[in-house]
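Readers should treat all values here as calculations from the given coordinates under stated rules, not as data from a laboratory. These numbers come from a predicted model, not from an experiment. Cβ: placed from backbone, ideal geometry, glycine included. Neighbour counts: every protein chain shown.
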Amino acid sequence: MLPIDPSKKITFQRWISEGDLVIVYEKHDHMKAIKVCCGSVLQNRFGVFEHTDWIGKPFGSKVLSNKGGFVYLLAPTPELWTLVLSHRTQILYIADISFVISFLEIVPGCLVLESGTGSGSLTTSLARAVAPSGHVYTFDFHEQRAASAREDFEKTGLSNLITVGVRDIQGEGFPENFCGLVDSVFLDLPQPWLAIPSAGKLLKQDGVLCSFSPCIEQVQRSCESLRTNFTDIRTFEVLLRSYEIHEGKMECSADDESGSLGSSPCKKRQCSSGRRNGKEKWDARTVMARPCSEAKGHTGYLTFARLKCL
Ligand SMILES: C[S@@+](CC[C@H](N)C(=O)[O-])C[C@H]1O[C@@H](n2cnc3c(N)ncnc32)[C@H](O)[C@@H]1O
């Protein structure tokens, strides 16, 4: 997940080895994570792929099956991991994650606290953002979820950047040994207002907190709690709009030429022209873009606040 070469520099020149985690890409919405293992095969609708053939190829390679079908072998990144991880809880997706990392001002070397860990979707991106010298301490009160998250961080090679603790953060708060040392805190809890006083004690002066809540009533209660020790309290909702692109045929006539179709930069005229109803007509191939019908709507509200400097 962190492409580091033997001299401990980030590198994008990487070759697939035995034991590597790869993201097998069929389509943008059809991917899966696989550990490369000599002698194993991947079988899908495109045929049978031998893992042995993948070893020594650069990440990003297109590899062929016994039937001539293909997939791409991508290097695992937090962005791709979020799309393939096993969902043990609701998770944060990349639009919210990228906003959180920017607004929490997380850079390499930061010390970050998080609760709950959930499926570790956000934690994975937090870890990459603090690498190589920072650390993420993440807490969940659900033992099995914490254990599964630990296994995932081993799998993705991030375990030296993340410590997973089992703790009821709403009931007990964060461990006090972080007092005044923490750069940022992230909460994804059902009653975040119960954890906010503890987060305030642990943050560095000027440190930033973010709380993710699906309901506005949770946001209201969190903001009431934040007013005691925090300033610059702001709530955002991140809405991502993606587009579907289709190519289609459109019948055009000479009258259209000077109109909106004629002026479209996307239109390409085809040869199939002729006269119909006394007018010259032709089929134009057109590229049409429209917002995805299945675009994700509301995920949650992100409330940010900065600890008051006393
Ligand atoms: C929605 S999930 C977090 C998902 C995570 N942000 C992600 O991106 O994968 C919420 C987590 O909070 C945990 N949780 C709920 N109450 C808690 C508490 N009092 N202390 C610690 N963890 C708690 C739950 O067990 C659950 O795993």
Original post:
Given labels modelled 7 Å from the Cα in the Cβ direction, how far is it in nm from K249 to E217?
Top reply: 5.6 nm
Original post:
So what is the relative contact order for the chain, in percent, with contacts set as C-alpha pairs under 8 Å and at least six apart?
Top reply: 13 percent
Original post:
Plugging the Kirkwood radius over Cα pairs into Stokes-Einstein for the range 21-76, at a temperature of 25 °C and a viscosity of 0.890 mPa s, what D comes out in µm²/s?
Top reply: 221 µm²/s
Subject >> Principal-axis tilt of helix 94-103 within the chain, Cα atoms, nearest 10 degrees >> reply: 50 degrees
Subject >> Acute angle (nearest 10 degrees) that the helix 121-130 long axis makes with the longest principal axis of the chain, alpha-carbon atoms >> reply: 80 degrees
Subject >> Residue order, fewest to most surrounding Cβ atoms within 10 angstrom, among K32, K249 >> reply: K249, K32
**OP:** May I ask for the net charge around K296, where only other residues with Cβ less than 13 Å from the Cβ of K296 are counted and Lys, Arg are +1 while Asp, Glu are -1?
**Re:** -3
Subject >> Sites R234 and A147 - FRET efficiency at Förster radius 51 Å, r taken between beta-carbons, to 0.05 >> reply: 0.90
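Under 15 Å from the Cβ of V100, count the other residues' Cβ atoms, weight Lys and Arg +1, Asp and Glu -1, and hand me the total. Mind showing how you got there, number by number?
On the way: positive: R128, R234, R306; negative: E79, D96, E105, E114, D183, D188, E237.
In short, -4.
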Subject >> Computed over the chain, the ratio Rg/Rh where both radii use C-alpha atoms and Rh is Kirkwood >> reply: 1.11
Subject >> Debye-sum result for the range 1-153 in log10 I(q)/I(0), which assumes one identical scatterer on each alpha carbon, at q = 0.21 Å⁻¹ >> reply: -1.33
Original post:
Taking the Cα centre of the chain as the origin and placing charges on Cβ (Lys, Arg +1; Asp, Glu -1), which of L189, L92, C179 is farthest toward the positive end of the dipole?
Top reply: L92
Original post:
Between the helical axis of 143-155 and the dominant principal axis of the chain, each derived from Cα atoms, what acute angle in degrees is found, rounded to the nearest 10?
Top reply: 60 degrees
Original post:
In what sequence do T124, T89 fall when counting other Cβ within 10 Å, fewest first?
Top reply: T89, T124
